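Shown next, in structure tokens, is the structure this report addresses.
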Amino acid sequence: MDSGVYQIFRDLWLVDLILGWLPEWAIYGSWIILLILAIVLPLLLAVAFSVYFDRKIWAAMQMRRGPNVVGPFGLLQSFADGLKLFLKETIIPSGANKGIFILAPMITFTLALIAWAVIPWDLGLVLSDINVGILYIFAISSLGVYGIIMSGWASNSRYAFLGSLRSAAQMVSYEVSIGFVLITLLVKVGSLNLTDIVLAQSGGFWNWHFIFWFPMFVIFFISALAETNRPPFDLPEAEAELVAGYQVEYSSMAFALFFLGEYANILLMCALMAILFFGGWYAPFAFLEFIPGPLWLIAKISFFFFVFAWVKASVPRYRYDQLMRLGWKVFLPLSLFAVMAYSGILVAMGKV
Amino acid sequence: MIDVIAFYLFATVVIAAGVMVIASRNPVHSVLWLILAFFSAAGLFVLLGAEFIAMILLIVYVGAVAVLFLFVVMMLDINFSELRGGFLKYLPIGATIGLILLAELVLIVGTWQSAPGSGEAVSAPTPPLLEQDNTSALGALIYTDYIYAFQAAGLILLVAMIGAIVLTHRSRPGIKRQVIADQVSRRREDAFEIKKVETGEGI
């Protein structure tokens, strides 16, 4: 965040009135906490509504009505579900490894939230503008495996363990192709900073990366589906075979944390696609630039979320060996080849 | 001020987690403590200003290597009481090896000397942080001066990978495999044949 914005915040008389007695670093700390809340609270609200959105799209594609009872158009359904989960009893199975059992949903939820720290909402409108932003997101999403693997092991249940093993193998395999896709982009941009990646796409939608990198975008999109355990790759929780996979023993808030974390991760992947391939906060045409940048980013995230839900409603689930084949035998060689091809083309064109 | 607090926090967590790796009885807990140690070490790298190394540490070690560790350890069927029964039996040899290692470490640390002028040699290729971030600095160094060492390291890893596959791969005769290409290239003409069947007669 720009220091100028902090200066404006610091000079507000209300801030002086409430926080004036604190030392300077504590005031700065409360400013940071305020920023974090400004990201996390809308995010949680967005997660609640995206669950509703997801169910509505799914219902519409199956010619059902979907949630329509709680609140106008069923808008409050997610909150009702959340309240129900909150009031339920947290059951810890007697054979479970207690500490890890409780820790696992917390890890999933925390990791899903902290990745949002580096997402740029507009030029300079980012909580932490670190110069290895994309690597940070990559690292955080690779840590996401632990929430699942720990929950599966600590539950001391066969279904949960099988689900978590599947999920861990799946996430590790698809991360490789995501990494290679990112490299093809970064060769051109020349920076790991997310703001720089968006700035490289300025000036109309024909400069957005999805045109030149369209095959990479497709691979990234499918890998993102696998990475977030969404259908058609939702084998970890394949309810027909594994009941609900790693979540099987969880109830109440622990289950809700998994659920929130899962949807926050999906939104993160959507945001990443918008930033990497679809120009982040930029408007597609110059005459649309009067609409503020954050709204553009949110619109793009919503669009990709719609596509995620669309895929969920229309594609049957993969078999596990086919999933592994797709990851290792199709995407890995393809993306490895693409790294060389794109770097070669870019060097030949003199764009590096 | 903040960075000093952060340093002591991360350093304490690294050491405490390291102790817990060998102290905890459950091997899965050991691996989880090891992951915490990796994570805090990444924090220390960030404090040093080496954020690229920190992120790579997280991606490679925590995101991939430790997952495989955890996989293997979770699959082990270990009887803990049996494991602890051998403690006294293996204590002498374990203690001897530990003492030898300690003596060697003390010898190395005690006689450590930097070559004259090595300080400049180490710091010379690193440009100031404001001019160039350490990702591009590292890339410029690895892919120019140290390209042979870098390629050699890659080849060694490749050889290790191929070796592991060769050692563990068994080709069993008589298994049916799914050949996707055959399935995709199958056409209706290969599978169907329409015959005109007269009434009252079979084919």
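The values are calculated or read from the model by the stated rules, or taken from the named source; none is laboratory data. These numbers come from a predicted model, not from an experiment. Glycine gets a Cβ as well: all are built from the backbone with ideal geometry, and neighbour counts include every protein chain shown. When the accessible area is computed, the model is the full protein with side chains, heavy atoms only, and any ligands, DNA or RNA have been set aside. Shrake-Rupley method; radii C 1.70, N 1.55, O 1.52, S 1.80 Å.
Placing one equal scatterer on every Cα of chain B and applying the Debye formula, the log10 ratio I(q)/I(0) at q = 0.11, 0.13, 0.15 Å⁻¹ is -0.92, -1.19, -1.39.
Its relative contact order, with pairs defined as Cα atoms under 8 Å and 6+ residues apart, puts chain B at 13 percent. The simple Förster model, with R0 at 25 Å and r as the Cβ-Cβ distance, assigns A:Leu75 and A:Leu37 a FRET efficiency of 0.60.
Please compute one quarter of the surface area of the Cα convex hull for region A:108-149 and express it in square nanometres. Kindly include the intermediate steps, with their values, before the conclusion.
Working: hull surface 11.3 nm².
Averaging across all directions leaves 2.8 nm² for the Cα convex hull.
For B:Val4 and B:Gln151, a Förster radius of 60 Å and the Cβ-Cβ distance give a FRET efficiency of 0.90, rounded to the nearest 0.05. Estimated purely from DSSP H runs of n ≥ 4, each contributing -39500 (n - 2.57), the mean residue ellipticity at 222 nm for chain B is -21000 deg cm²/dmol once divided by its residues. Helical content of chain A, expressed as a calculated mean residue ellipticity at 222 nm, amounts to -22000 deg cm²/dmol (DSSP H runs of 4 or more residues, -39,500 (n - 2.57) each, divided by residue number, nearest 500). With a 10 Å cut-off around each Cβ of A:41-54, the average count of Cβ atoms from other chains is 0. Taking every lysine pair in chain A that is 8 or more places apart or spans two chains, those with Cα atoms closer than 29 Å amount to 14. Specify the residue with the greatest mean-square fluctuation among A:Leu14, A:Leu334, A:Leu125, computed from a Gaussian network of chain A linking alpha-carbon atoms under 10 Å apart. Comparing A:Leu14, A:Leu334, A:Leu125 in the GNM, the peak value goes to A:Leu14. If the Kirkwood radius is taken over C-alpha pairs of region A:1-106, then at 20 °C and 1.002 mPa s the Stokes-Einstein diffusion coefficient equals 118 µm²/s.
Summed over all non-identical Cα pairs, the Kirkwood treatment of the protein assembly as shown gives a radius of 27.1 Å.
What does the charge count around B:Phe10 come to, taking other residues whose C-beta lies under 15 Å from its C-beta (Lys +1, Arg +1, Asp -1, Glu -1)?
Details: positive: none; negative: B:Asp3, B:Glu51.
Net of charged neighbours comes to -2.
For the pair A:Phe214 and B:Arg187, label points projected 7 Å from Cα toward Cβ lie 2.8 nm apart.
Take the Cα of A:Ser128, step 7 Å toward its Cβ, do the same at A:Ile345, and the gap between the two points is 3.5 nm. In this rough spin-label picture, where each label sits 7 Å from Cα along the Cβ direction, the A:Asp321-A:Arg65 distance is 4.6 nm. Scanning chain A for chymotrypsin sites (Phe, Trp or Tyr not before Pro) lying in DSSP loops with no more than 11 further Cβ atoms inside 10 Å, the longest uninterrupted stretch between such sites is A:22-284.
Which residues make up the longest stretch of chain B that has no GluC sites (Glu not before Pro) in a DSSP loop with at most 13 other Cβ atoms within 10 Å?
Numbers: sites that count: B:Glu131, B:Glu193, B:Glu198, B:Glu201.
Longest site-free region, per DSSP loop and neighbour criteria: B:1-130.
Rounded to the nearest Hz, the phi-derived 3J(HN,Hα) couplings of region A:291-303 under the Karplus curve 6.51 cos²θ - 1.76 cosθ + 1.60 (θ = phi - 60°) are 6, x, x, x, 5, 4, 4, 5, 4, 5, 4, 4, 4, where x marks glycine and proline. Legend: P(r) of region A:247-352 from all alpha carbon pair distances, 5 Å bins from 0, whole percents, reading 2, 10, 10, 12, 16, 18, 15, 9, 5, 2, 1, 0. The relative contact order of region B:1-78 comes to 29 percent, based on Cα pairs under 8 Å that sit 6 or more residues apart. Given the C-alpha centroids of region B:22-61 and region A:18-57, what is the distance between them in whole angstrom? Each part reduced to its Cα centre gives a spacing of 28 Å. Take every Cα pair under 8 Å whose residues are at least 6 apart in sequence, average their separation, divide by the length of chain A, and the relative contact order is 22 percent. Values of log10 I(q)/I(0) for region A:89-198 across q = 0.13, 0.19 Å⁻¹ run -0.61, -0.96, by the Debye formula with one identical scatterer at each alpha carbon and no solvent.
Taking all protein chains together and rolling a 1.4 Å probe, B:Asp145 ends up with roughly 110 Å² accessible.
With the whole protein complex present, B:Ile175 retains an accessible surface near 90 Å², based on a 1.4 Å probe.
Legend: mean number of C-beta atoms from other chains within 10 angstrom of residue C-beta atoms, peptide A:173-179, equals 1.
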